[in-house]
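Worksheet for the structure shown next.
The values are calculated or read from the model by the stated rules, or taken from the named source; none is laboratory data. The structure displayed is predicted, hence computed values, not measured ones. Ideal geometry is used to build each Cβ from the backbone, glycine not excepted, and the neighbour counts take in all protein chains shown.
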Amino acid sequence: MRKFVRRAALIGLKSSGVFHLVENSEWRRKRLLILCYHGVSLEDEHEWWPGLYVSPEHLERRLQILKRGNYNVLPLGEAVQRLYREDLPPRSVAITFDDGNYDFYRQAYPRLKQYDFPATVYLTTYYSEYQRPIFNLACPYMLWKARERGTIDLAEFGVSPTVALASAEARKEATTQLLQWCERQNLSGEQKDQVASALAQRLQIDYNELCSKRILQLMNRQEVGELARTGVDFQLHTHRHRTPLNEESFRREIRENRDWIAKVAGSVGAHFCYPSGVYRPEFLPWLSKEHIVSATTCDTDLASPQGNPLLLPRLVDTSGRSDLEFASWVNGVGHFLSLRKAAQSTYTD
């Protein structure tokens, strides 16, 4: 019901000229919309997790909206600098992608290049070096792929009772138990990959084929270097996609991440994205000690010059967001209709 009312309100605001009025206002000119994407499906990932993945066609429509609306898509660093100098051009937007998935290389980059839009990739670097599917994503993805295969016993993976694969709740609980089982055993990346391979065999999924398609994998050194040379901006997302609560461990994650990007992409990272959008007050001084210029969250809003540069909001675009709602955010109307701006984090690795 709420979704229907919201859509009706947006249609009315658009037809009455409010969209046009707000996007050309002084209020909008002083604000920056930072878009956030995670994955662009190679196959069916957006059907599995529509909050994390979008289809290539979905991304294409978004870029068309930005182009037709004559939005000023700026590089992130320039956009943040101009936000706080208060000299942004009208209708400013920056585009960011979290994690650095291979699908950015395959699906997103060619489309961004076609529209001549700059983008920033917040790269988490462990899985760029270790070229296997991200374990915490591969396990629930394979359970979803096997959802029509009835009930299965996964006791050998620390999961009980038997799992009704058709049930989303049962798959979610099985994933939680499996990840906790691996955590208790303090498994290495290689050992986790062996678990994923064994799980695939148990689910009758061809793990080698999954790996060969590069689904749920990150870009490798060669791909990162290639895109960096074309102008893609690679920035910080920690080395292992985690934010330890110990200061030294937290800062080490950033330093390892920065060193890898500097060697491969040839740039020194100064912009940071909180993994899973999770941030705490103590992180801010730690980031400052690492000379971080800006840090983005997954909280929903446009960034303003009055906001903390280490707590920048973004719009996380998802498969469930309509073109009309997306347009309302890029023009600024969405800000005035949004009831909840703080993120609800669901993705961990």
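Computed values, structure above
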{"read-out": "Every residue from the range 73-129 that is over 18 Å from PRO275 (Cα atoms), aliphatic (A, V, I, L, M) and assigned to a helix (DSSP H, G or I)", "value": "ALA79, VAL80, LEU83, ALA108, LEU112"}
{"read-out": "Qualifying residue in the range 166-182 (condition: outside any helix (DSSP H, G or I), outside the structural domain of LEU112 (by TED's automatic domain parsing) and surrounded by fewer than 19 Cβ atoms within 10 Å (Cβ to Cβ))", "value": "yes"}
{"read-out": "Residue list for the range 130-141, filter: in a helix (DSSP H, G or I) and of a type in the set (Ser, Thr, Tyr)", "value": "TYR141"}
{"read-out": "One residue from LEU178, LEU187 being within 25 Å of CYS211 (Cβ to Cβ) and in contact (Cβ under 8 Å) with a residue 24 or more places away in the chain", "value": "LEU178"}
{"read-out": "Some residue of the range 145-165 being in contact (Cβ under 8 Å) with a residue 60 or more places away in the chain, part of a helix (DSSP H, G or I) and either charged (D, E, K, R) or not assigned by TED's automatic domain parsing to the domain that holds GLY39 (or both)", "value": "yes"}
{"read-out": "Enumeration of residues in the range 1-45 that are part of a helix (DSSP H, G or I), over 18 Å from ILE95 (Cβ atoms) and among the basic types (Lys, Arg)", "value": "ARG2, LYS3, ARG6, ARG7, LYS14, ARG29"}
{"read-out": "All positions within the range 286-332 that are touching a His at 6+ places or on another chain (Cβ under 7 Å), surrounded by fewer than 23 Cβ atoms within 10 Å (Cβ to Cβ) and among the small types (Gly, Ala, Ser)", "value": "SER319"}
{"read-out": "Number of positions in the range 299-342 that are under 18 Å from GLU60 (Cβ atoms) and among the acidic types (Asp, Glu)", "value": "3"}
{"read-out": "Search result, residues across the range 1-10 that are of a type in the set (Gly, Ala, Ser) and exposed (fewer than 12 other Cβ atoms within 10 Å of the Cβ)", "value": "ALA8"}
{"read-out": "Residue in the range 266-276 that is touching a residue at least 60 places away in the same chain (Cβ under 8 Å), in contact with a Phe, Trp or Tyr (Cβ under 7 Å, 6 or more places away or on another chain) and surrounded by 15 or more Cβ atoms within 10 Å (Cβ to Cβ) present", "value": "yes"}
{"read-out": "Selection from the range 241-260 of residues that are among the hydrophobic types (A, V, I, L, M, F, W, C) and touching a helix residue (DSSP H, G or I) at 6+ places or on another chain (Cβ under 8 Å)", "value": "PHE250, ILE254, TRP260"}
{"read-out": "Qualifying position, being within 25 Å of PHE272 (Cβ to Cβ), surrounded by 14 or more Cβ atoms within 10 Å (Cβ to Cβ) and assigned by TED's automatic domain parsing to the domain that holds SER328, among LEU42, LEU21, LEU13, LEU35", "value": "LEU35"}
{"read-out": "Any hit, the range 225-235, residues being surrounded by 13 or more Cβ atoms within 10 Å (Cβ to Cβ), outside any helix (DSSP H, G or I), in contact with a Ser or Thr (Cβ under 6 Å, 6 or more places away or on another chain) and at pLDDT 95 or above", "value": "yes"}
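Table: residues versus (1) assigned to a helix (DSSP H, G or I); (2) touching an Asp or Glu at 6+ places or on another chain (Cβ under 9 Å).
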| position | (1), (2) |
| --- | --- |
| GLU223 | yes, no |
| ARG242 | no, yes |
| ARG255 | yes, yes |
| TRP260 | yes, yes |
| VAL264 | yes, no |
| SER288 | yes, no |
| ALA295 | no, no |
| CYS298 | no, yes |
